[in-house]
Amino acid sequence: MERLPLTVRRSIEILGLAVVFFFIVHAANILSPILLAFFLTILLYPLFKWLTRKKLPEMLAIAIVLVVLLACMALLVWFITAQFSRLIADFPTLKANVTVHLERLSSWINSKTNFSTERQLQLLNEQSEKLVNFAGGYVSGIASSLTGLLIFFGLVPIYIFLLLFYRNLLLRFVFLWYKEAEHERVRETVQEMQSIIKSYLGGLLLQIAYITILLGGILLLFGIKHALLIGVLFAILNLIPYIGALIGNLIGVLLTLTSSDQLSPILTVLIAIAAVQFLDNNILMPKIVGSKIRINALTSIVAVVAGGALAGISGMFLALPIVAMLKVVFDRSDHLKQWGVLFGDERPPRSPFTWPRYRKGSQAVQQEIKQTSGINEKK
């Protein structure tokens with residue numbers, strides 16, 4: 001590879017990325033449960049390792065790990081279902097509050113414009129019919145969607161079992177791709193990927209827990225109805241970078257609007273969400289995850305949007321762990337390290353146009369850029 005001209009090498013790299021992208025587009029439904037199972041396996045591996053150290057048979061240890069995972073998933077589903085049951089039970093009140101808000105909005109529009117109440121009602125009825133027709137077409141696909149969802153989560157435990165059972169075989173497969181002189185670098189890369197993914201996913205689980213408790217608790221203190229539902233929905237959606245927080249704010253406002261005929265609780269919800277998000281972004285999450293994942297905002301947004309387009313919600317959740325994993329591989333590859341620089345958050349302090357030093361890819365220059373970016377390498 002080193003003997004090939006630089007332009008040929010770059011062309012091969014771009015062609016390889018195009019082939020990978022084409023494969024992902026056509027195999028997203030197959031890859032999504034495998035990738036989710038892979039990440040969960042890394043997260044659960046310390047428990048499996050601890051059980052085997054206690055002299056438990058391997059199959060029993062894997063069974064215990066799966067039982068723990070399924071119990072946690074069942075607890076989360078029960079909690080969310082219970083909160084939605086309370087919301088459904090309040091449906092008559094929600095309907096009455098929506099009517100009050102629509103009447104107030106209609107009166108305000110009527111006072112500011114010549115758009116009469118009758119014309120507003122006519123327009124509202126027309127849009128309602130369109131919404132019903134759209135919902136009918138959407139509901140017709142729910143059966144197939146539920147089937148796909150059941151297949152997705154049914155395959156994940158099976159994949160986790162097989163990944164744990166065949167872990168040594170898979171590692172041997174990876175090492176056989178490289179020369180013996182490169183095996184130490186491969187070992188370090190695999191360990192770093194495992195550490196990053198475990199830290200990131202563990203941090204996300206903690207993030208869901210403390211955002212639900214903090215936001216739900218604050219809203220409960222202020223007497224906001226469905227406070228815990230707003231908290232858990234915002235915590236889960238907040239896992240999707242940038243986009244999820246906006247959707248979480250919108251859902252919080254809508255739930256508050258339908259739960260009260262007053263507008264003041266909306267301000268309370270928005271302030272509480274902003275305070276919790278500031279605390280999460282600037283204090284709690286950096287302490288939990290640290291500096292192990294340094295993905296720039298541009299790459300994060302593109303990855304999340306691309307993941308959503310390719311594999312829906314699961315793709316949006318899996319996008320950042322995949323990019324973080326790829327960055328580790330690229331950083332340790334002599335031929336692909338420029339892609340690691342593209343994904344990273346290490347901004348040169350000066351323009352490479354006027355400072356030729358920052359055009360180089362040496363370790364000394366990279367270390368200097370990390371220091372000027374305030375990146376701590378301690379783990």
field: Virtual paramagnetic centre 7 Å along Cα→Cβ of LYS49, amide N under 18 Å, in the stretch 193-209
entry: 193-203
- line: Taking a ≥ b ≥ c as the square roots of the eigenvalues of the Cα gyration tensor, with a/c under 1.5 meaning rounded and otherwise prolate when a/b exceeds b/c and oblate if not, the stretch 185-292 is prolate
- prompt: Using alpha-carbon pairs under 8 Å, 6+ residues apart, how would you state the relative contact order of the stretch 185-292 in percent?
  reply: 28 percent
- prompt: Ranked by Cβ crowding within 10 angstrom, fewest neighbours first, how are ARG53, ARG357 ordered?
  reply: ARG53, ARG357
message: Suppose the chain between ALA89 and LEU15 were pulled fully straight at 0.36 nm per residue; how much longer would it get relative to their current alpha carbon spacing?
response: 21.1 nm
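Quick note: the coordinates plus some simple rules give every number you see, no bench work behind them. Everything numeric here is computed off the predicted structure, so don't read it as measured data. Neighbour counts are summed over all protein chains in view; Cβ atoms, including those assigned to glycine, are modelled from backbone coordinates with ideal geometry.
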